[in-house]
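In what follows, a single structure is set out as structure tokens and then discussed.
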Amino acid sequence: AVILLDLLLGDIGGTEVARQIRAKYPRSAVTIVMLSAHSSEALVVENLEIGCDDYVTKPFRSKELVARVEGLIKARAGPVVASKVIDVGAVTKQPLPLT
């Protein structure tokens with residue numbers, strides 16, 4: 001699964017959601033890409049250290065984002081699984097159909 005996660009979500013921040021996802025799912029099962037308008041080095045490093053696989057600052061170019069996600073998927077040893085529901089407390093996401 002690939003999760004595109006915004007840093008600013010409202011009640012619970014993207015960093016905390018990423019921390020909870022990573023506590024339940026290993027990198028081999030879930031790829032997390034954090035999206036944010038904030039680009040401070042400390043914030044980028046914090047999110048990478050808690051388990052985000054990439055950090056992309058806004059505004060971003062859509063072709064670059066797709067290339068980054070495809071690169072992360074290719075780097076994974078196992079097959080891409082799109083049939084699981086990701087559930088982390090208040091956030092539940094259904095998988096998107098693969099095209």
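The values are calculated or read from the model by the stated rules, or taken from the named source; none is laboratory data. Remember, predicted model here, so these are calculated numbers, not experimental data. We place every Cβ from the backbone using ideal geometry, glycine too, and count neighbours over all the protein chains shown. Each accessible area value is taken on the protein alone, full model and side chains, heavy atoms only, with ligands, DNA and RNA left out. Shrake-Rupley method; radii C 1.70, N 1.55, O 1.52, S 1.80 Å.
The set of residues in the range 2-19 that are modelled with pLDDT under 95, open to solvent by 40 Å² or more (accessible area, probe 1.4 Å) and not charged (D, E, K, R) comprises V2, L8, L9, G10, I12. Figure legend. Inter-residue proximity from the range 1-14: first residues under 13 Å from H38 (Cβ atoms) and among the polar types (S, T, N, Q), second residues open to solvent by less than 50 Å² (accessible area, probe 1.4 Å) and at pLDDT 95 or above, beta-carbon distance below 8 Å, spacing 6+ or different chains. No pairs are indicated. Residues that are without any contact (Cβ under 8 Å) to a residue 40 or more places away in the chain and surrounded by 18 or more Cβ atoms within 10 Å (Cβ to Cβ) were ranked within the range 20-34; the one that is farthest from the chain's Cα centre (by Cα) is M34.
In the set (1) within 18 Å of I73 (Cβ to Cβ); (2) in a helix (DSSP H, G or I), V17 fails one condition alone, (1).
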